[in-house]
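Every number in this text was worked out from the coordinates using simple rules, so none of it is lab data. In this text the structure is predicted, and so the values were computed from the model without any measurement. A quick note on method: Cβ atoms are made from the backbone with ideal geometry, for glycine too, and the neighbour counts reach across all protein chains shown.
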Amino acid sequence: MSFPDITPELRASMPALRGRLLANQTLAELTWFRVGGPAQVLFTPADADDLAYFLGHLASHIPVYVLGVGSNVIVRDGGLEGVAIRLPPRGFGEVTSDGDVLTAGAAALDRRVAEAAEAAGLGGLEFYFGIPGTIGGALRMNAGANGAETKDVLIEAEGVGRDGARHRLSLADMKFTYRNSGVDSSIIFTRAHFRGRPNTPEAIRARMDEVQSHRETAQPIREKTGGSTFKNPPGHSAWKLIDAAGCRGLRIGGAQVSEMHCNFLINTGDASAHDIETLGETVRQRVKAHSGIELQWEIKRIGQGGEK
């Protein structure tokens with residue numbers, strides 16, 4: 001499957017562009033599930049100025065998607081028509097500290113931010129050590145784990161709008177709720193500023209070790225997975241609802257509900273994106289029939305079906 005190559009006209013309309021444009025680039029290798037079709041265009045900006053230039057010159061009718069490290073996304077088998085933007089570590093991955101403030105680019109791994117906070121003697125960010133994503137994704141979904149969330153430590157976020165305009169967003173502007181933010185979905189986050197609490201590196205490391213131990217013993221982190229599949233409904237644990245509905249180990253094609261943790265779907269080796277999404281929808285249907293509770297997806301599903 002392939003899309004029309006629009007990269008020549010994009011380059012012609014953006015002579016000062018410094019980032020890389022690739023046509024019909026496969027995305028499966030860029031996601032943790034290792035599934036999905038290609039992007040019509042994959043754009044890797046050089047830095048935030050380059051991203052703003054690109055968006056400011058991109059025709060408004062062309063769809064835009066953002067990929068981090070692909071840990072919380074299903075790219076459908078038909079791929080993405082339009083532009084997928086992937087912020088690279090070079091230009092968007094720097095992490096620095098100044099007093100009790102930690103500044104991280106949107107491409108910085110959550111885990112690296114926790115380690116940088118440890119090195120700076122700043123506590124409160126240990127929970128990021130257990131989240132397999134980037135800061136951009138953490139901002140978009142108010143990522144959290146082990147009793148803490150992004151909203152607990154964020155001071156301010158920076159981003160670029162679909163028109164190329166730059167934005168600075170306070171904690172209040174982020175409109176955080178459980179596993180979501182209320183910020184316009186077209187804004188691409190580029191950097192974040194966090195406030196930590198002074199603590200000893202030893203105490204911080206001990207807490208990070210607890211977080212890692214929990215992940216290794218309770219989650220299928222060595223599988224092709226996408227992290228927690230469904231949000232926890234108010235007053236309930238998604239995995240308990242899934243288990244009670246008899247879905248532990250359930251399979252569709254090459255996709256399976258994890259035996260270790262029922263709120264994780266895994267690619268056993270030859271799953272398609274359709275297999276994984278269909279399995280998720282089957283789990284939702286069974287949980288609704290068993291408990292009356294409708295699970296909401298936490299994993300993002302983007303693109304079109306496999307008919308293209």
Could you give the length gained by full extension between Thr282 and Lys240, i.e. 0.36 nm per residue of separation minus their alpha carbon distance, to one decimal place? 13.5 nm
How large is the helix-only mean residue ellipticity at 222 nm for the chain, computed as the sum of -39500 (n - 2.57) over DSSP H runs with n ≥ 4, divided by its residue count, in deg cm²/dmol to the nearest 500? -8000 deg cm²/dmol
Magnitude of the Cβ-charge dipole of the chain, K/R +1 and D/E -1, about the Cα centre, nearest 20 debye? 400 debye
Exposure proxy order (Cβ contacts within 10 Å, fewest to most) of Leu21, Leu42: Leu21, Leu42
7 Å from Cα along Cα→Cβ at both Gln296 and Arg11: what's the point-to-point distance in nm? 4.4 nm
Based on DSSP, what percent of beta bridges with both residues in the chain are antiparallel, to the nearest 5? 80 percent
Given 0.36 nm per residue, what is the gain on full extension from Ser213 to Asn199 after removing their alpha carbon distance, in nm? 2.9 nm
Need the C-alpha centroid separation for segment 164-229 versus segment 1-39, integer Å. 27 Å
